[in-house]
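I have placed the structure first, in the form of structure tokens, so that the comments after it can refer back to it.
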């Protein structure tokens, strides 16, 4: 059930088991049959911890979504609310509880996730229902194991909260989560960090360590280093379009809590004699994690390399099925049959991913082809036959054209081409009323790559956007300015080129099929955050002091005392383990890049990744938007 | 050594021994006569109330508390009502049940803690008899009222009074009764003459003990064992019936041949092989067991029995003794002519000390049966059950001697026994007076023992024990130090500085100290300044906040909350301040704390929009005010209101010197567009959008036909193309036109194309 958590270097299942144990203990505290009323947002994260079967074992008979009014009737002894500590939810709960049947009193419990809150309890008290609760408890769910090497807090808008609203709640939870992690996996001896939030989290951790002094557990440290990175140190990476398989799935369809919903047409069962039957209308829901062998293999590949990998796999599988003709003796047949379930699973997984790849191709391919050619021209100075370019150009229509064009513009920005002028492409997109988020992504990217835009350019973009998309977006623009994604150029020199050169953020000859550098995840651009991580491991941050000073926020190093006798004795050749924590979210491409570093032969470091949330440019910008709903008569 | 068995008495297959624990240190004139006495189990303290029936104010009864060795702990005149019963709770608090049903709680050193009532019914009909009992849920009180009804509270820390059903046919006080704990419920067993009843929450069930001898016409005494497993009944014919407390099984029945009612009856430890009971009359003590025989002891003095887990303590005016079954290991070793391996090992060691070769012979004898490890184990175990340090040492030396001839013998048992004994001998000391047996010690755990020492304010001893047993610091030393500090801050005679310094010096190195608890104590005893000083030492800023709020030190509370990083805590303080202060002061205070201010703004955004406006106004944050107006304008349904709000927004942006926002707003077309869009969208959303797009294209001279085409706005595209007189563009538009719908347009385009070609 949780096999994907075992496969990594660190057994994250310990964390999951600890979380499950707490859940069971709470459920057993409310004896008798029960119904859970869910804060809808929590169902996703909880799905990563426990399935319905676990709840059922503990006499959970009904589940409802938290809604105003009355709780639907259910013949249970207990009502349990699973909620985030939010005031608006407290009002709903109060209403629910107040309309409970007085004649048949049921025990009501409340479980705060991830932490109980005095403020919410106060609100319940004001509403006069606090005493109706038999149990008020908290369920500490900070870092949720997501995959074998990935932890997420699933905290929806932590970037917005930290940088826009100056609300550091999620950082407090991050620090608490790291303390819990250390309780299970031992004290992390070294902490590095870059950025204001990173500093804040590290400070809180050190303070908490002092507070808990004396109650530490004696566990051999599993992690050697913790690296805390602020998202605003690297604003560029999430803005760029991810080009790994998993990254593209996320960009196009969106992955939530490890699941993706796909248009059903491609997945229709093609059975003979049933042709013409109506297509399923429900979106196809797939779980994506490394428990699926094929997915683990291709998720982090550049999309251009996925096709080859899929066809190779297809050959292997069909070869395996062909084996049955060679099976002569009973023993051989038996062995073949014993492998069947595994092979069938592999086949259906292959079918699924071929379909997904096709879906992605529909959106990207035509332009892709052209894009590759252009890249070739640019990189290898090949002379491309005119006809070829013409045909390629002509075939670029609508969706795929968009994809390619914006990719080209992105790459131009990242390489520093014409970042100080108004981009005609962006102008066109605005005129065509392309999705606003796409525009914002591009404009922000230009601003970031130019270390701010000239006042005239900035004002022009803003005016265009407001006039096209409506004046209400002035709020969104102001938000983007506040977090530094959009800014007027200051007197300071544009230092992005220096950063790009020192950290080798742009690699001209990115090899997508057999990558030798992390830049393959964006077909040329090496994510800044991951470069920082790479440099930290070798040769160390001291070599890039200058660049670090250009990036926002302080950088620091802290050491935590490990009790004597627990110092790790590393075997020669044994890798170090580093936990990289992205405060404000991480993209799938960055994860892929870090996995690539872990797997590099001579890297000497393996990475476990933690983040407040898994993001992509779209979801990220969306979280920063503020568009008041039109209240029409 | 030779006298080890001198105080042994056989009963059936077992031996019983009576050990003197202490010669009592108290000096009681009349012994225990005319006293209410209560002694706590596990070697706990003893309380005496002399002349509890006296009512005259000139001659008040005296309440005295002693340690088990008879050293005075407290003594004060009793000024409240008539006390019916004394008893101790599991945490060494003294309970005094008064006639009117009020229960007063005192600590071990005579300090008054609290009082509670057992209900109206009890206070009206007065207390007739009462019993204090211990169950897994804590300490309970059971009361028989003057109305012959029982009222019960199972846990005095969480009082839920229960009134039990009536006992049928009860005319006067029942001959005897006891409290049982069965099936997670406390019940009362009542004897009325020869009838027995069990009372639980709902019913009164008559029961008969199996095999009770028929001569009996009345049950005069009963008692329940420590674990509620066994029951003993004494009948008026002098028979003691012993059986299980569920009355399903009879263990034995013994005739004591004494028909007078006894003073007290108690069970002996139930951990032992042969459960047995002790019955006490004036000057006589009888031990009855499974067999028909009895052991009789003569008592010189008035005494009381204190049942323990593994024996009975007998406290008289002058002595304190322990009566127990001789534990198996001791019996094996010390029984006369015992050939048990332990006995042989002890002998071998004795010979070895005498440098006699017999030592080798004995050793060989054990080793030949390969029982040496068994022998060592016996010696270690027996040492644990012995009270004399000399005997303990002899046995441990023998064990250590035997260990030399064993390879791979696990040392844990020996080592931990040595440690345990050292601790036990320390607390058994006359000055401490906690006569625990090893079995009791293991049952009560070190934690509880430390607690007991702390209640007695024996801090140095407690700390020494923690250090010696290597208890984890925050459970051991730190906890003791915390208690010490809590006590210290209540000492009124010393100045704040002196105490704060003393506390910080002592506690400096201890990990995991909760200074806020100490500070709370200081605050409770009216020393606010000291409390604040102490809070400074608290590393957990979260812990400081509630107390600081209680002490009305809100600015400090706010900064501590912010320091902790726990935003919920910050919110709590902010909400508290909001209710406490007037608005101006409140805003001022927030202004100095940006973190709190931004959190409060978030709160207001969702909960109190108006307050938000006030906040921005106060800060002259015109930018945000402008934003606020923009937002509001979208909420309003009336057009005029919208325009007005937008105008306010424009004003605010001007004030904020945000030229851009203001200009975009007021410059000709956009403002119309904004208004238009807000008006028109409600009527003709589709078409209007397209027109808008078009307008801009023309205006900015950045025409792109694809864009119009993609919007299917043929007319717009055509117009644009014609205006630019670009042939290829016109053709593209043409190619998209369909002959049926865009007939007129096509004509126009064709004409334009022709002119364009000419040029």
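The modelled label-to-label distance for the pair residue A:325/residue A:311, using points 7 Å beyond Cα in the direction of Cβ, is 2.2 nm. Its DSSP H runs of at least 4 residues, each contributing -39,500 (n - 2.57), put the calculated 222 nm mean residue ellipticity of chain A at -14500 deg cm²/dmol, to the nearest 500. Across chain B, C-alpha contacts under 8 Å between residues 6 or more apart give a mean separation that, scaled by the residue count, equals a relative contact order of 6 percent. Take the Cβ atoms of residue A:362 and residue A:556, set R0 to 60 Å, and the FRET efficiency comes out at 0.80. Relative contact order of chain A: 18 percent, from C-alpha pairs under 8 Å at least 6 residues apart in sequence.
Hey, how much of the P(r) for the range B:333-554 falls beyond 27 Å, as a percent of Cα pairs?
On the way: 12521 of 24531 pairs.
Tail fraction, whole percent: 51.
Report, in deg cm²/dmol and to the nearest 500, the calculated mean residue ellipticity at 222 nm for chain B, where each DSSP H run with n ≥ 4 adds -39500 (n - 2.57) and the sum is divided by the residue count.
-13500 deg cm²/dmol
Based on the Cβ-Cβ distance from residue A:337 to residue A:17, what FRET efficiency comes out when R0 is 30 Å, to the nearest 0.05? Show your work: numbers first, answer last.
On the way: r = 34 Å, r/R0 = 1.14.
Calculated transfer efficiency: 0.30.
Which ordering of A:492, B:551, A:550 is given by a fewest-first count of other beta-carbon atoms within 10 Å?
A:492, A:550, B:551
If you plug the beta carbon distance of residue A:41 and residue A:481 into 1/(1 + (r/R0)^6) with R0 = 22 Å, you get a FRET efficiency near 0.15.
For residue B:388 and residue B:610, the difference between the fully extended length at 0.36 nm per residue and the C-alpha to C-alpha distance is 71.9 nm. Sorted largest first, the principal axis extents computed over the alpha-carbon atoms of chain B equal 140, 74, 64 Å.
Fewest first, what order do B:97, A:222 take by the number of other Cβ atoms within 10 Å? Provide the component values of the computation, followed by the final result.
Details: B:97 24, A:222 20.
Fewest-to-most ranking of B:97, A:222: A:222, B:97.
Measure out, as a whole number of angstrom, how far apart the alpha-carbon centroids of the range B:359-397 and the range A:571-594 sit. Taking the Cα centre of the range A:571-594 as reference, the centre of the range B:359-397 is 60 Å away. Its alpha carbons give the range A:3-141 an Rg and a Dmax of 15.5, 56 Å. The ranking of B:404, A:162, B:604 by Cβ neighbour count inside 10 Å, starting from the fewest, reads B:404, B:604, A:162. Nearest 5 is fine: what % of DSSP beta bridges in the protein assembly as shown come out antiparallel, could you say? The answer is about 75 percent antiparallel. Placing pseudo-labels 7 Å out from each Cα toward the beta carbon at residue B:37 and residue B:638 gives an inter-label distance of 9.1 nm. DSSP finds beta bridges in chain A, and of those with both partners inside it, around 30 percent are antiparallel. Taking the inverse of the mean reciprocal distance over all distinct Cα pairs, the Kirkwood hydrodynamic radius of the protein assembly as shown comes to 39.1 Å.
Every number here is computed from the coordinates shown, using simple stated rules; none is lab data. Keep in mind that this is a model prediction, so the values were computed, not measured. Because the Cβ atoms are built from the backbone with ideal geometry, glycine has one as well, and the counts that use them run over all protein chains shown.
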